[in-house]
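S.K.: Shown below is the structure under consideration.
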Amino acid sequence: MILVADCGSTKVDWCVLNNKKVEKQVFTMGMNALMMTQEEISQRLSGELMPELGNLASKITAVYFYGAGCISAEVCGNVAGAIRTKIPTAETVEVYTDLLAAARALCGREAGIACIMGTGSNSCLYDGSTIVANVSPLGFILGDEGSGAVLGKIFLGDVLKKQLPEYICTKFLNEYNLDLLGIIRRVYREPQPNRFLASVTPFLSQNIDVPEIHDLVLNAFRAFFRRNIKQYVNYANYKVNFIGSIAYYFRNVLEEAAAAENCTIGSILKSPMEGLLKFHAVK
């Protein structure tokens, strides 16, 4: 049996795979390994994962963990070390970034361009095995084009500077119970402003037929293609594949943006687990 983990800041999705069949799926609290010690990760596994796995834990021979923040040998080593202490039967423990999870889930063992488009955005050129090129996303202040955080940032700026129809501004502020001071506080004084910014994207989705909102989203997606995808050598030879809630729920506008930038969309998935299970099931 193998254990595959897709770790995000909100939740961790764990699946036990037994001969291509999902034996058990477990959800635990999200974590960012970059911000945790090995001991803290180990404690989290003890409290949340191991009780759920029960007797299955002793049958696991390999663990494949993909997570945000797993960007250095030290961080990956901390995660692997914590897993080995809890699942000593695992002869193989491999830890990778969430970007490689996206690439493997979307492209399998074929070359392509894989993207994440959720609260943040990222992309890479994948050769069917490893990531061979990556345009740095730079975060929602300097980059993250097309992400939920950036869509929220642009939209809120347009609301406060009255760049959108008055009825849309009023409707939004009333629905979200916000005003100028409330928005300023959430963005500049409270933690995780990127999550707050991304939290307004359901309003954009619900009002996507408003021309000004449609254009806002379309232009943000076109910027993603121009500033990221078109930086990869021979990008036109590859399909551009996406994972993430923004890509999933704004699929029609994303496809419109791709066509405008002469790019070809491949797969769009809400989450990577299904694709990861297919990738690891053939090993």
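The values are calculated or read from the model by the stated rules, or taken from the named source; none is laboratory data. Since the structure is predicted, the reported quantities are computational estimates derived from the model, not experimental observations. In this analysis, Cβ positions are derived from the backbone assuming ideal geometry, glycine residues included, and neighbour counts consider all displayed protein chains. Accessible surface areas use protein heavy atoms only, side chains included; no ligands, DNA or RNA. Shrake-Rupley method; radii C 1.70, N 1.55, O 1.52, S 1.80 Å.
S.K.: For I268, what is the net charge nearby, where nearby means another residue's Cβ is under 9 Å from its Cβ and Lys, Arg count +1, Asp, Glu -1? Provide the component values of the computation, followed by the final result.
M.R.: Details: positive: R251, K270; negative: E255.
Residues near I268 contribute +1 overall.
S.K.: Ranked by accessible surface with a 1.4 Å probe, highest first, in what order do L269, L151, L56 come? The partial results should precede the final answer.
M.R.: Numbers: L269 50, L151 0, L56 30 Å².
If we order L269, L151, L56 from most to least accessible, we get L269, L56, L151.
S.K.: Roughly how many debye, to the nearest 20, is the charge dipole of the range 168-283 about its Cα centre, given +1 on each Lys and Arg Cβ, -1 on each Asp and Glu Cβ, and no other charges?
M.R.: Working: 14 positive and 10 negative charges, 113 e Å.
Computed charge dipole of the range 168-283: roughly 540 debye.
S.K.: Residues of the range 200-283: accessible area per residue at 1.4 Å, in Å²?
M.R.: Value for the range 200-283: 48 Å² per residue.
S.K.: Would you calculate, for the chain, the mean residue ellipticity at 222 nm contributed by helices, counting each DSSP H stretch of 4 or more residues as -39,500 (n - 2.57) and dividing by all residues, to the nearest 500?
M.R.: Taking each H run of at least 4 residues, the total per residue is -12500 deg cm²/dmol.
S.K.: Given a 1.4 Å probe and every protein chain left where it sits, what share in percent of the accessible area of the chain is carbon and sulfur?
M.R.: Here carbon and sulfur together make up 49 percent of the probe-accessible area.
S.K.: In addition: Which net charge results when you count Lys and Arg as +1 and Asp and Glu as -1 among the other residues whose beta-carbon is under 15 Å from that of E23?
M.R.: Once positives and negatives cancel, what remains is +2.
S.K.: Okay, next question. When only DSSP loop residues count, what GluC sites (Glu not before Pro) in the range 7-104 have their Cβ near at most 16 other Cβ atoms within 10 Å?
M.R.: Of the GluC sites (Glu not before Pro), the ones in loops of the range 7-104 whose Cβ has at most 16 other Cβ atoms within 10 Å are E91.
S.K.: Cα gyration tensor of the range 74-150, axes a ≥ b ≥ c as square roots of the eigenvalues: rounded (a/c below 1.5), prolate (a/b > b/c) or oblate?
M.R.: Oblate, because a/c is 1.5 or more while a/b does not exceed b/c.
S.K.: On a 1.4 Å probe surface of the protein chains, which of Y96, Y64, Y188 comes out largest in accessible area, and what is the full order?
M.R.: My answer, sorted largest first, is Y188, Y96, Y64.
S.K.: Related question: Relative contact order (percent) for the range 68-166, with alpha-carbon contacts under 8 angstrom and 6 or more residues of separation?
M.R.: 17
S.K.: Need the list of aspartates and glutamates near K278 for cross-linking: C-alpha distance under 19 angstrom, and skip anything on the same chain fewer than eight residues off.
M.R.: D6, D13, E23, E94, D98, E110, D127
S.K.: Taking only protein heavy atoms and a 1.4 Å probe, what accessible area per residue, in Å², does the range 112-178 have with all protein chains in place?
M.R.: That works out to 45 Å² for each residue.
S.K.: Hey, another quick one. Could you tell me the accessible area of R227 in Å² (1.4 Å probe, neighbours in place), rounded to the nearest ten?
M.R.: Number for this one is 130 Å².
S.K.: Just want to confirm a number: the relative contact order over the range 1-121, from Cα pairs under 8 angstrom separated by 6+ residues, in percent.
M.R.: Result for the range 1-121 is 24 percent.
S.K.: Grab the other residues whose beta carbon is less than 12 angstrom from that of L173, score K and R as +1, D and E as -1, and report the net.
M.R.: Combined, the nearby Lys, Arg, Asp and Glu give -1.
S.K.: If you project the alpha carbons of the range 45-97 onto the principal axes, what extent comes out on each, in Å, largest first?
M.R.: 32, 22, 15
S.K.: Equivalent-ellipsoid semi-axes (√(5λ), Cα gyration tensor) for the range 192-271, whole Å, largest first?
M.R.: Semi-axes, largest first: 22, 14, 12 Å.
S.K.: Using alpha-carbon pairs under 8 Å, 6+ residues apart, how would you state the relative contact order of the chain in percent? Write down the numbers at each step before the final one.
M.R.: Details: 508 pairs, mean separation 49.8, N = 283.
Here the relative contact order equals 18 percent.
S.K.: Pull up the cross-link candidates among the lysines for K239, meaning alpha carbon to alpha carbon under 19 Å and not fewer than 8 places away within one chain.
M.R.: List returned: K230, K270.
S.K.: Each residue of the range 227-239 in turn: what ³J(HN,Hα) in whole Hz from Karplus with 6.51, -1.76, 1.60 and θ = phi - 60°, glycine and Pro shown as x?
M.R.: Result, ordered by residue: 8, 10, 4, 6, 8, 7, 4, 6, 4, 5, 7, 10, 6 Hz.
S.K.: Still on this structure, please answer the following. Could you report the range 1-104's accessible area per residue, 1.4 Å probe, as an integer in Å²?
M.R.: Result: 46 Å² per residue.
S.K.: Here is a further query. Can you tally the lysine pairs in the range 5-108 where the Cα-Cα distance is under 17 Å and the two residues are eight or more apart, or on different chains?
M.R.: Going through the range 5-108 pair by pair, I get 5.
S.K.: Students sometimes get this wrong: rank M50, M29, M273 by accessible area, probe 1.4 Å, all chains present, largest first.
M.R.: M29, M50, M273
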